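The structure appears below as structure tokens.
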Amino acid sequence: MHKISEPLATRHSQILGVGDYRPSRIVPNLEIVDLIDSSDEWIRERSGIESRRYASADESVVDMSVAAGQKALTAAGITAAQLSAVIVATVTYPFQTPSAATDVTLRLGNPNAAAFDISAACAGFCYGVGMASDMVRTHSAEYVLLIGVEKLSDFTDPTDRGTAFIFADGAGAIVIGPSDRPKIAPMIWGSDATAREAIVMQPSWLELRNPDGLANSGNIGWPDIKMQGQTVFRWAVYQMAPIGLKAIEAAGITVDQLDVFIPHQANIRIIDAMAKAMKLPEGITIARDVRVSGNTSAASIPLAMAALYDSGEVKSGQLALLIGFGAGLVYAAQVVELP
Ligand code: UT7
């Protein structure tokens, strides 16, 4: 019997570059409030959101991905031809197949890279970091482009008080490649699937095709996100801090050695509560991009990371804790050394 030959020894991985794309249209709270009987003050106080970006009608998930991806490639000093794989984390690409990633890699000029999408909602980017890192470490890939992208304005009901002011659009991307020492720590990930009904996109396409059998009342024209806000809020505040601490431990560092905290940008109160629960050190840099970007699900962490570079708040070599959590309910966290 033949045996598979000894695999190449595992190697280390790193983030090589970051890129973002923010749609040009800024939507302040005042543009949202009338349809949901709300106010600028309420939205700021309960979520921290002051404004968000909406893509235009002809600006697609793939358009935003390509723009962010190109910036990340330039920052990494890598060409599209060098990519072994393109991964797109999204829940708002409006086709089940083929994947957004195949169109992205085609448009970047590399029609032969491995390409697939991840459906892990607001945890999708961190799932992707772990997967891309392991692909590089085990020689399944040399360079991987990972994009988190959403056009949530397409799937949000502007009259839903619980979601209309939260969700928004944008794309963020990173390139992951080999490293001479560890710069991406192990991923801590999992789910609490018993709460999978807490955030849903409904109705399903089958229900839309057969509206007589519609299981969910209300909207039969288009799938929108529905969220049990308080359930998700409590889960995030109480369950995610221990996950962040496990990720710090898995990196072989202590909380005091962390420089930056870049959590999923869902709500400023969740961000602050998590930082407090983990007892993050005074003076640590905390991403609060949600204020001007809203909640962009899979795009929120790379967008927040890019914003920290733009504002000069972070520098190369710093250690950052990333943590994504959302619909599923699913989560993933890891410590990375910033490029
Ligand atoms: O990215 C995926 C993960 N998603 C999240 O992490 C989101 C988690 N959830 C949240 O961030 C928060 O639950 C929200 C920001 C969505 C809502 O904040 P909240 O503090 O949980 O508000 P609430 O639902 O408990 O509502 C409080 C009050 C209620 O009034 P009463 O019953 O206290 O009189 C609501 O009727 O606020 C009222 N309310 C609103 N008022 C003005 C609910 N929505 C609105 C609104 N504008 N849009």
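Return the pair list, or none, for Cβ contacts closer than 8 Å from residues in segment 114-135 that are assigned to a helix (DSSP H, G or I) to residues that are away from the ligand (no atom under 16 Å from the Cβ) and of a type in the set (D, E, K, R), at least 6 apart or on different chains.
No pair meets every condition.
So how many residues does segment 259-287 have that are more than 13 Å from the chain's Cα centre (by Cα) and over 22 Å from GLY162 (Cβ atoms)?
Qualifying residue count for the region: 16.
Give me the residue from segment 158-179 that is aliphatic (A, V, I, L, M) and part of a strand (DSSP E or B) and, out of that set, nearest to ASN267 (Cα to Cα).
Top of the filtered list is ALA171.
Cβ-Cβ below 6 Å, separation at least six or inter-chain, first residue in segment 160-183 and over 16 Å from GLU31 (Cα atoms), second within 16 Å of the ligand (Cβ to nearest atom) and of a type in the set (Ser, Thr, Tyr): which pairs?
Within 6 Å, the pairs are GLY170/THR296.
Evaluate segment 191-206: report whether one residue or more is at positive phi, open to solvent by less than 20 Å² (accessible area, probe 1.4 Å), in contact (Cβ under 8 Å) with a residue 24 or more places away in the chain and within 16 Å of the ligand (Cβ to nearest atom).
no
Check THR74 against each of (1) outside any loop (DSSP other than H, G, I, E, B); (2) within 30 Å of LYS226 (Cα to Cα) and name the one condition it does not meet.
Tallying (1) outside any loop (DSSP other than H, G, I, E, B); (2) within 30 Å of LYS226 (Cα to Cα), THR74 fails exactly one: (2).
Within segment 294-321, work out how many residues are within 11 Å of the ligand (Cβ to nearest atom), at negative phi and part of a loop (DSSP other than H, G, I, E, B).
1
Quick one: which residue in VAL314, VAL292, VAL330 is in the same structural domain as ALA247 (by TED's automatic domain parsing), over 17 Å from the mean Cα position of the chain (by Cα) and either open to solvent by less than 30 Å² (accessible area, probe 1.4 Å) or within 22 Å of PHE165 (Cα to Cα) (or both)?
Step by step, each of VAL314, VAL292, VAL330 is checked, and only VAL314 is in the same structural domain as ALA247 (by TED's automatic domain parsing), over 17 Å from the mean Cα position of the chain (by Cα) and either open to solvent by less than 30 Å² (accessible area, probe 1.4 Å) or within 22 Å of PHE165 (Cα to Cα) (or both).
Please work out if GLY244 is surrounded by 22 or more Cβ atoms within 10 Å (Cβ to Cβ), within 16 Å of the ligand (Cβ to nearest atom), on the phi > 0 side of the Ramachandran plot and of a type outside the set (A, V, I, L, M, F, W, C).
no
Could you please let me know if ARG11 is surrounded by fewer than 19 Cβ atoms within 10 Å (Cβ to Cβ) and closer than 30 Å to GLY317 by Cβ?
yes
Looking only at residues in segment 61-100 that are more than 16 Å from the ligand (Cβ to nearest atom) and closer than 20 Å to ILE26 by Cβ, which one is surrounded by the most Cβ atoms within 10 Å (Cβ to Cβ)? Steps first, please.
Of segment 61-100, the ones more than 16 Å from the ligand (Cβ to nearest atom) are 61-88, 93-100.
Now drop any that are not closer than 20 Å to ILE26 by Cβ, which leaves 61, 63-64, 67-68, 71.
Working: VAL61: 27, ASP63: 20, MET64: 27, ALA67: 20, ALA68: 29, LYS71: 19.
Ranking the candidates gives ALA68 first.
Quick one: in segment 322-339, which of the residues that are over 16 Å from ILE176 (Cβ atoms) and outside any strand (DSSP E or B) is nearest to the ligand (Cβ to nearest atom)?
Within segment 322-339, the match that is nearest to the ligand (Cβ to nearest atom) is ALA327.
Taking ASP58, is it assigned to a helix (DSSP H, G or I), within 30 Å of GLY109 (Cβ to Cβ) and open to solvent by 20 Å² or more (accessible area, probe 1.4 Å)?
no
Six or more apart or on different chains, Cβ under 6 Å: which pairs go from a residue in segment 252-271 that's open to solvent by less than 10 Å² (accessible area, probe 1.4 Å) and part of a loop (DSSP other than H, G, I, E, B) to one that's among the aromatic types (Phe, Trp, Tyr) and within 16 Å of the ligand (Cβ to nearest atom)? Could you list them?
Within 6 Å, the pairs are HIS264/PHE325.
Please work out which residue is farthest from the ligand (Cβ to nearest atom), limiting yourself to segment 17-48 and to residues that are under 14 Å from SER153 (Cβ atoms) and open to solvent by less than 50 Å² (accessible area, probe 1.4 Å). Step through it out loud before you land on a result.
Residues of segment 17-48 under 14 Å from SER153 (Cβ atoms): 22-27, 31-32, 35.
Cutting the leftovers down to open to solvent by less than 50 Å² (accessible area, probe 1.4 Å) gives us 23, 27, 32.
Details: PRO23: 18, VAL27: 15, ILE32: 9 Å.
So, considering only residues that are under 14 Å from SER153 (Cβ atoms) and open to solvent by less than 50 Å² (accessible area, probe 1.4 Å), the one farthest from the ligand (Cβ to nearest atom) is PRO23.
Looking only at residues that are more than 15 Å from the ligand (Cβ to nearest atom) and of a type in the set (Phe, Trp, Tyr) in segment 101-152, which one is most open to solvent (accessible area, probe 1.4 Å)?
For segment 101-152, the residue satisfying everything is PHE116.
The values are calculated or read from the model by the stated rules, or taken from the named source; none is laboratory data. Just so it is clear, the structure is predicted and the values come from calculations on it, not from any experiment. Cβ: placed from backbone, ideal geometry, glycine included. Neighbour counts: every protein chain shown. Keep in mind that these areas ignore ligands, DNA and RNA; they rest on the heavy atoms of the full protein, side chains included. Shrake-Rupley method; radii C 1.70, N 1.55, O 1.52, S 1.80 Å.
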